[in-house]
1. Return a yes/no flag: does region 82-94 have any residue that is of a type in the set (A, V, I, L, M), within 16 Å of Ser162 (Cα to Cα), touching a helix residue (DSSP H, G or I) at 6+ places or on another chain (Cβ under 8 Å) and at pLDDT 95 or above.
2. Which residue is farthest from the chain's Cα centre (by Cα), if the candidates are limited to region 164-195 and must be more than 18 Å from Val283 (Cβ to Cβ) and among the polar types (S, T, N, Q)?
3. Grab the helices (runs of 4 or more DSSP H) fully contained in region 347-459, keeping just those with 1 or more residues being β-branched (Val, Ile, Thr).
4. Going by the conditions given, is Arg332 outside the structural domain of Ala102 (by TED's automatic domain parsing), modelled with pLDDT under 95, surrounded by fewer than 19 Cβ atoms within 10 Å (Cβ to Cβ) and basic (Lys, Arg)?
5. Looking for something at pLDDT below 90, farther than 21 Å from Pro169 by Cβ, surrounded by fewer than 21 Cβ atoms within 10 Å (Cβ to Cβ) and among the charged types (D, E, K, R) - is there at least one such residue anywhere in region 246-261?
6. Do the conditions hold for Arg138, that is, is it modelled with pLDDT under 95, of a type outside the set (A, V, I, L, M) and either outside any helix (DSSP H, G or I) or within 18 Å of the chain's Cα centre (by Cα) (or both)?
7. Considering Phe112, Phe64, which residue is surrounded by fewer than 24 Cβ atoms within 10 Å (Cβ to Cβ) and assigned by TED's automatic domain parsing to the domain that holds Trp342?
Amino acid sequence: MASVHAVWIGAGVIVLWGVWAALFNTAQFGDNVEQFNWAQSLELGYHKHPPLPSWALAAVIRLFGPSIYWAYALATLCLLGTLTLTWLIGRELLGAPVAAAAIVLWGLNLSFSQRVQLYNHNTVLVLFIAATVWCAMRTVRARSPTFWWIATGCAAAAAVLSKYQAIVPLAALPFALARTGGLNRPAQLRGLALALSMLLLLCAPHALWVARHDFSTLRYASEAVEPSDLLRRLGCLVAFAANQLRLAFPALLTIALCWAWARAAPVAPGTVAAAEGAPAAQVRAWFGALIGAPLIVLVVMALAGGVSLRNHWGVQALQFLPLWLAACWQRRAAIDLRRLVWVALIVQGLGLISYAVEHEDLNRVLSARRIDTMYPAKRLAHAAVAHWADSTHCPLRFVAGSVFDAGLVALYSGGRLEVFDTASATPWVRLDDLQQRGVLYVLDEGEALPEGVTRVVPFELTAGPHPGRATRTIRLGVLMPLRPCG
């Protein structure tokens, strides 16, 4: 029962972080804004990524109307689903008590706590990777595994349609099944072929879209390959590892505090997490596929391929790391789940306070942190829409310029404006419509004015007292409509 309570507490903390962000954020992460921009049209793909996360947001907007909080809600739901599936996977491998400890540690990772409001392709990817792993595990034990093989293929397709990074853990999955006896019989091999068929069938429309659009998503992914010498590649790998340690620091701190508490006051009998779960060889096989394989691929990509590792790649690559941490902890010392929950709640509480203080004063953190979530989005949207109304009595339909700023204007002015990026990035917005109906441009200070843009006024973004950061000027301009309007 204590294990179930720990999982419920972990889920409650995730929801609390989502609400906390909604209370203190004055804007949203750039990835959220990007998803809102793409959700304007249901496409088989978008110029940078596969379409599934944008489809989900578009469906919610069409069902319930526009809201600045839909990205928060979807991100929270995805992480709650990932938490639940990770708990089920951990219970299968390690037993309920250790799995519950792993879930407490999982919720301490900054990617799943302080960034719970971040809705992007990683958020959806981790959900469907966890779903694929869980369904694949069920194929081994189910009396009639056909359903679970089909579910595995569907979940794997959803993962690929979320982000191409899914291919790495999915490729390792059959090896884990083979090593744990899940592919010993011809029927199991036929099931794997069925899952693979479902994956290819569901991904085929997107693959055709990619081919017809000059492989734009693959070219975007290839931008991470940068010519560099061995020393620079090692530096990139070290920087990536350091960032992952930063994200996992609250969990590591919690383990250290619990360890020190146990040394000072030994755990009483009966409160220790019992050793349960699968045989050790099976656990090692699954950890090798779920954690070892993605990390090896990243190291090889960095050192042999010259790939500049992006920090957010670690979100999926290390999504099951808390299971391994809890398993190692259990082998070396007793886990008192109650103590772990109390220490984790204190660490989470300090994180909530820190987040609130940080977002209370924009000027205090601009020199060190990204400020996506601390933009004066409502004030910017109000000023931009008012400037359009002062310039023409025609209705405002389109916003363009700096994609993040333009997206904030569209989102925080009601969410019904269409954002134009480029002809290839937002092909559903016709250039002729822009000319006929007019465009409100939101431009960075250094950006060149597009031809025909007039009535340019500044919008001052306060950026604190730091040298060279006194203000940032955003320019609002109007491309007057050619079509007469009543």
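1. Of all residues in region 82-94, those of a type in the set (A, V, I, L, M) come to 83, 85, 88-89, 93-94.
Then keep just the ones that are within 16 Å of Ser162 (Cα to Cα); that gives none.
Looking for residues that are of a type in the set (A, V, I, L, M), within 16 Å of Ser162 (Cα to Cα), touching a helix residue (DSSP H, G or I) at 6+ places or on another chain (Cβ under 8 Å) and at pLDDT 95 or above, one finds none in region 82-94, hence no.
2. Here the residue is Asn184.
3. Values: elements: 377-391, 403-412, 431-437.
Hits in region 347-459: 377-391, 403-412.
4. Working: outside the structural domain of Ala102 (by TED's automatic domain parsing): no; modelled with pLDDT under 95: yes; surrounded by fewer than 19 Cβ atoms within 10 Å (Cβ to Cβ): yes; basic (Lys, Arg): yes.
No.
5. Looking only at region 246-261, we keep the residues that are at pLDDT below 90, and these are none.
Checking region 246-261: not a single residue is at pLDDT below 90, farther than 21 Å from Pro169 by Cβ, surrounded by fewer than 21 Cβ atoms within 10 Å (Cβ to Cβ) and among the charged types (D, E, K, R).
6. no
7. Phe64
Every residue, every condition in (1) at pLDDT 95 or above; (2) of a type in the set (Val, Ile, Thr); (3) within 22 Å of Leu52 (Cα to Cα); (4) part of a loop (DSSP other than H, G, I, E, B), yes or no:
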{"residue": "Leu105", "(1), (2), (3), (4)": "yes, no, no, no"}
{"residue": "Leu108", "(1), (2), (3), (4)": "yes, no, no, yes"}
{"residue": "Arg115", "(1), (2), (3), (4)": "no, no, yes, yes"}
{"residue": "Val133", "(1), (2), (3), (4)": "yes, yes, yes, no"}
{"residue": "Ala166", "(1), (2), (3), (4)": "yes, no, yes, no"}
{"residue": "Leu170", "(1), (2), (3), (4)": "yes, no, yes, no"}
{"residue": "Gly182", "(1), (2), (3), (4)": "no, no, no, yes"}
{"residue": "Ala193", "(1), (2), (3), (4)": "yes, no, no, no"}
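The values are calculated or read from the model by the stated rules, or taken from the named source; none is laboratory data. From a predicted model like this one, the values you see are computed outputs, not experimental measurements. Counting neighbours? That spans all protein chains shown, and the Cβs are built from the backbone with ideal geometry, glycine included.
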